Amino acid sequence: VDGVCTQAACGVYEKTEAAHLFDLGLHYRLNERWEIYGIGENLADEVYIAGRDPYGARPDKSRSFTMGVRFDF
């Protein structure tokens, strides 16, 4: 993710930081109707400024995991 200007002037504190993110998603179909899945986001747990508006710097999402089951009918 590259840094971007948050204001047209793009002053010192009006730009987000660049970051290297690593996300991973896996799924496995058990049969015609059932599937299990897992998603890992920001696996390196990199902390960076994702936004600066409206009231200052905002960090991005920290490392997170999601697991679930899907059923098709």
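The values are calculated or read from the model by the stated rules, or taken from the named source; none is laboratory data. Just so it is clear, the structure is predicted and the values come from calculations on it, not from any experiment. Cβ atoms come from the backbone with ideal geometry, glycine included; neighbour counts cover every protein chain shown. Accessible surface is based on the protein model in full, side chains and every heavy atom, while ligands, DNA and RNA are left aside. Shrake-Rupley method; radii C 1.70, N 1.55, O 1.52, S 1.80 Å.
Computed quantities for the displayed model
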{"quantity": "Carbon/sulfur fraction of accessible area - the chain, other protein chains in place, 1.4 Å, %", "calculated": "58 percent"}
{"quantity": "For the chain, size of Cβ-based charge dipole, Lys and Arg +1, Asp and Glu -1, in debye", "calculated": "140 debye"}
{"quantity": "Cβ-based net charge around Glu14, under 10 Å, with every Lys or Arg adding one and every Asp or Glu removing one", "calculated": "+1"}
{"quantity": "Average accessible surface area per residue within the chain, 1.4 Å rolling probe, Å²", "calculated": "80 Å²"}
{"quantity": "nm² value of the averaged projected area, convex hull over the Cα atoms of the chain", "calculated": "6.9 nm²"}
{"quantity": "Formal net charge of residues neighbouring Arg63 (Cβ-Cβ distance under 13 Å; K, R +1; D, E -1)", "calculated": "-4"}
